[in-house]
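Peer 1: One structure follows; several queries about it will come next.
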Amino acid sequence: MKVRFKENRRLYIGLIITGLMLILAITGKFFTPYDPNAMDSANKLAGISAKHIMGCDNFGRDIFSRILAGLDTTMVVAVGTVLIGVTFGTVIGALTGYYGGRPDEIMMRFNDAVLAFPSLLLALVIISIMGSGKMNVTIALGILFIPGYARIVRGEFLKCRNLDYVQSARLMGASYLRIMFVHILPNTIPVLLSTVAIGFNNAVLAEAGMSFLGIGVQPPDSSLGRMLSESQSYLFLRPGYALCTGSVIALLIFGFAMLNEGLEKHA
Amino acid sequence: MLDVIDLNIEFHDHITPETVVYDFDLHLDEGEIVGIVGESGSGKSMSALAIAGLLSRKKMKKRGQILFDGVDLLTCSRDTLRKYQGNDICMVFQEPMTSLNPVKRIGWQVGESLRLHTELSEDEIRNKVIKMLEDVELQDPESIYDKYPHELSGGMRQRVMIAAALICNPKVLIADEPTTALDVTVQAQIIKLLKKINKKTGTAILFISHDLSVVRKLCSRVLVMYKGRVVETGEVNEVFDFPKEEYTKRLIAAIPRMEKLEYE
Ligand SMILES: Nc1ncnc2c1ncn2[C@@H]1O[C@H](COP(=O)(O)OP(=O)(O)OP(=O)(O)O)[C@@H](O)[C@H]1O
Ligand SMILES: [Mg+2]
């Protein structure tokens, strides 16, 4: 699939921003200018300088380093969440959409029930059972994402299952699993891809929201959400802290949103 | 070889069951071309799908027997059915736009039967597929092999479908209005191709159409269906020249005049 920049600007902008963020996150995993957790009482709430390009937080930790590390955490959580959601959602959606009938009815009613609750509330319930932390947040959000993907994939399978080419594959003697995952699934990828982009988006926001509320990623892991929540107290003293963290989150979201819109054009 | 005896098809996906095919009988010998004609909604496709084993066993109740070399396809196990499907019974559908998978390359789709039913390596499959694409008279099969369906015309796609259906040397090819969606010249080419293949490989063809002139050109025997029943059956020339049933007479009277002149 070749797409020219002029035809689909959003896709390219999305790709560039997301790529940039990805590079920063990977950098944050292996290298940060300072140890993101090293406190330095001499530099408490230090302003922007050549040494600390975004200044320091209330413990004297380098904000830029913490943003890099936080970006890494956020990306890992987002990727994990989407991976769990897409994998299980695809399998469930494929089976229910292809077979239909009673299992489909039960699954979809269950789905509706899950979707009826505000997702943050459900995440809270899961977290309170399993405890917080990077891993558990990923699992909790992942579970919450399953119904949404299942529903999208199911819709696509429902659309495809009686098309002639599927009948034809059936007549060739292909097994059910082969028909579902080799013949039909590739046809759902354009739709799936654009929802994956928006899924990253929701995952980033949800993780930031949960960490902001203190139920998400726990120290020593840094998180953009928690940094934003901490920066609140110094909003007037050091607006740069909140501004830098906030704009990184915003840029991340913007990149995924552009990617989604760009992909949707081709779905 | 293929015997359908007293086939009844009943839909069970609404509150009241609805019978769409009554007491359908069909006999198809090796190498024979038999036509089914009838107006839209007369149950031609339903009968064909039932023979191909493509009607859901749960949603549609079928009574009667579909005997293929003595094995009843309606009651045999799923695995037995699957062995016949693709190997012995193949089908070409009406709509060339939807009968090929839009995201898979032509070569892959034509070779799928071989991948499922034989132990051939990918290279051997490729060679066979290209040979088959040649046999259905597609120009430049090498480049068509790597194309996607949307890059082909309707007539080409129908040829690809025929290639995919025939690659395992089936005994029966069911063609459900394979030419309805095509224009007249392409239609004539496809008919010619089917006839040629039938001569060469001895594949029996069950040819479904509502176009009597096409059936007359291609088939040796014909079944006339009306409202889910077979109302008349016999040799093509007999049925067309001396129709016994009122409905058949009306059907023949409805052939456009130009084509009638062609026969006389
Ligand atoms: N899901 C369904 N439930 C009930 N009746 C159905 C269903 N699908 C098809 N039918 C009925 O089955 C009958 C036979 O349809 P069929 O597709 O076999 O017609 P056909 O002869 O192939 O027509 P055409 O020339 O348009 O292809 C039609 O009267 C149709 O209304
Ligand atoms: Mg039909």
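The values are calculated or read from the model by the stated rules, or taken from the named source; none is laboratory data. All values reported here derive from a predicted model rather than from experimental measurement. Cβ: placed from backbone, ideal geometry, glycine included. Neighbour counts: every protein chain shown. Accessible surface is based on the protein model in full, side chains and every heavy atom, while ligands, DNA and RNA are left aside. Shrake-Rupley method; radii C 1.70, N 1.55, O 1.52, S 1.80 Å.
Peer 1: State whether the residues of the stretch B:180-189 include one that is under 12 Å from the mean Cα position of the chain (by Cα) and within 16 Å of ligand 2 (Cβ to nearest atom).
Peer 2: No, every residue in the stretch B:180-189 fails to be under 12 Å from the mean Cα position of the chain (by Cα) and within 16 Å of ligand 2 (Cβ to nearest atom).
Per-residue answers, yes or no, for (1) closer than 19 Å to B:R105 by Cα; (2) surrounded by 22 or more Cβ atoms within 10 Å (Cβ to Cβ):
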position	(1), (2)
B:H117	no, no
B:L138	yes, no
B:P141	yes, no
B:S153	yes, no
B:M156	yes, no
B:R159	yes, yes
B:I167	yes, yes
B:S209	no, yes
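Peer 1: Determine the pairs where a residue that is closer than 14 Å to A:V166 by Cα, located within the stretch B:48-59, has a partner that is more than 16 Å from ligand 2 (Cβ to nearest atom) and at pLDDT 90 or above with Cβ atoms under 7 Å apart, the partner being 6 or more residues away or on another chain.
Peer 2: Partner pairs satisfying both residue conditions: B:A52/B:I89.
Peer 1: Can you name every one of the strands (runs of 3 or more DSSP E) wholly within the stretch B:28-130 that holds 1 or more residues which are of a type in the set (A, V, I, L, M, F, W, C) and more than 10 Å from every other protein chain (Cβ to nearest Cβ)?
Peer 2: On the way: elements: B:33-38, B:60-68, B:89-92.
It comes to B:33-38, B:60-68.
Peer 1: Tell me which residues, restricted to the stretch B:34-53, are among the small types (G, A, S) and away from ligand 2 (no atom under 14 Å from the Cβ). Steps first, answer last, please.
Peer 2: Let us first name the residues in the stretch B:34-53 that are among the small types (G, A, S), namely B:35, B:38, B:40-43, B:45, B:47-48, B:50, B:52-53.
Hit for the stretch B:34-53 is B:G53, nothing else.
Peer 1: Among the residues in the stretch B:43-54, are any within 14 Å of ligand 1 (Cβ to nearest atom) and of a type in the set (K, R)?
Peer 2: yes
Peer 1: Ok, one more. From the list B:D69, B:D79, which one is open to solvent by 50 Å² or more (accessible area, probe 1.4 Å), out of contact with any Gly (no Cβ under 9 Å at 6 or more places or on another chain) and either within 16 Å of ligand 2 (Cβ to nearest atom) or without any contact (Cβ under 8 Å) to a residue 12 or more places away in the chain (or both)?
Peer 2: B:D79
Peer 1: Okay, moving on. Is it true that some residue in the stretch B:13-33 is charged (D, E, K, R) and within 16 Å of ligand 2 (Cβ to nearest atom)?
Peer 2: Narrowing the stretch B:13-33 to residues charged (D, E, K, R): B:13, B:18, B:23, B:25, B:29-30, B:32.
Remaining after also requiring within 16 Å of ligand 2 (Cβ to nearest atom): none.
Within the stretch B:13-33, not a single residue is charged (D, E, K, R) and within 16 Å of ligand 2 (Cβ to nearest atom).
Peer 1: Sticking with this structure for a sec: Failed condition for B:V236, given (1) within 28 Å of B:K83 (Cα to Cα); (2) in contact with a Lys or Arg (Cβ under 9 Å, 6 or more places away or on another chain); (3) more than 13 Å from ligand 1 (Cβ to nearest atom), with all others met?
Peer 2: Looking at each condition in turn, B:V236 falls short on (1).
Peer 1: Could you pull out the residue among B:A188, B:A181 that is open to solvent by 10 Å² or more (accessible area, probe 1.4 Å), out of contact with any Lys or Arg (no Cβ under 8 Å at 6 or more places or on another chain), within 12 Å of chain A (Cβ to nearest Cβ) and within 18 Å of B:F93 (Cα to Cα)? Explain how you work it out, then say what you get.
Peer 2: Values: B:A188 fails: within 12 Å of chain A (Cβ to nearest Cβ).
Within the list B:A188, B:A181, the selection yields B:A181.
Peer 1: Has the stretch A:56-63 got any residue that is closer than 21 Å to A:E230 by Cβ, of a type outside the set (A, V, I, L, M, F, W, C), open to solvent by 10 Å² or more (accessible area, probe 1.4 Å) and outside any helix (DSSP H, G or I)? Working first, answer last.
Peer 2: Residues of the stretch A:56-63 closer than 21 Å to A:E230 by Cβ: A:56-63.
Still in the running and of a type outside the set (A, V, I, L, M, F, W, C): A:57-58, A:60-62.
Filter again for open to solvent by 10 Å² or more (accessible area, probe 1.4 Å), leaving A:58, A:61.
If we keep only those that are outside any helix (DSSP H, G or I) too, we end up with A:58, A:61.
Yes, there is a match, as at least one residue in the stretch A:56-63 is closer than 21 Å to A:E230 by Cβ, of a type outside the set (A, V, I, L, M, F, W, C), open to solvent by 10 Å² or more (accessible area, probe 1.4 Å) and outside any helix (DSSP H, G or I).
Peer 1: Within the stretch A:171-265, considering only helices (runs of 4 or more DSSP H) that don't extend past its boundaries, which have at least 2 residues that are surrounded by fewer than 21 Cβ atoms within 10 Å (Cβ to Cβ) and hydrophobic (A, V, I, L, M, F, W, C)?
Peer 2: A:185-212, A:239-264
Peer 1: If you don't mind, there's one more thing I want to ask. How many residues does the stretch B:1-24 hold that are open to solvent by 70 Å² or more (accessible area, probe 1.4 Å) and on the phi < 0 side of the Ramachandran plot?
Peer 2: Residues flagged as open to solvent by 70 Å² or more (accessible area, probe 1.4 Å) and on the phi < 0 side of the Ramachandran plot within the stretch B:1-24 amount to 8.
Peer 1: Could you figure out which of (1) within 13 Å of another protein chain (Cβ to nearest Cβ); (2) in a loop (DSSP other than H, G, I, E, B) isn't true of B:A164?
Peer 2: Unmet condition: (2).
Peer 1: Which condition number does A:R151 fail, the rest of (1) away from every other protein chain (no Cβ under 14 Å); (2) open to solvent by less than 30 Å² (accessible area, probe 1.4 Å); (3) part of a helix (DSSP H, G or I) being met?
Peer 2: Here A:R151 meets the rest and fails (2).
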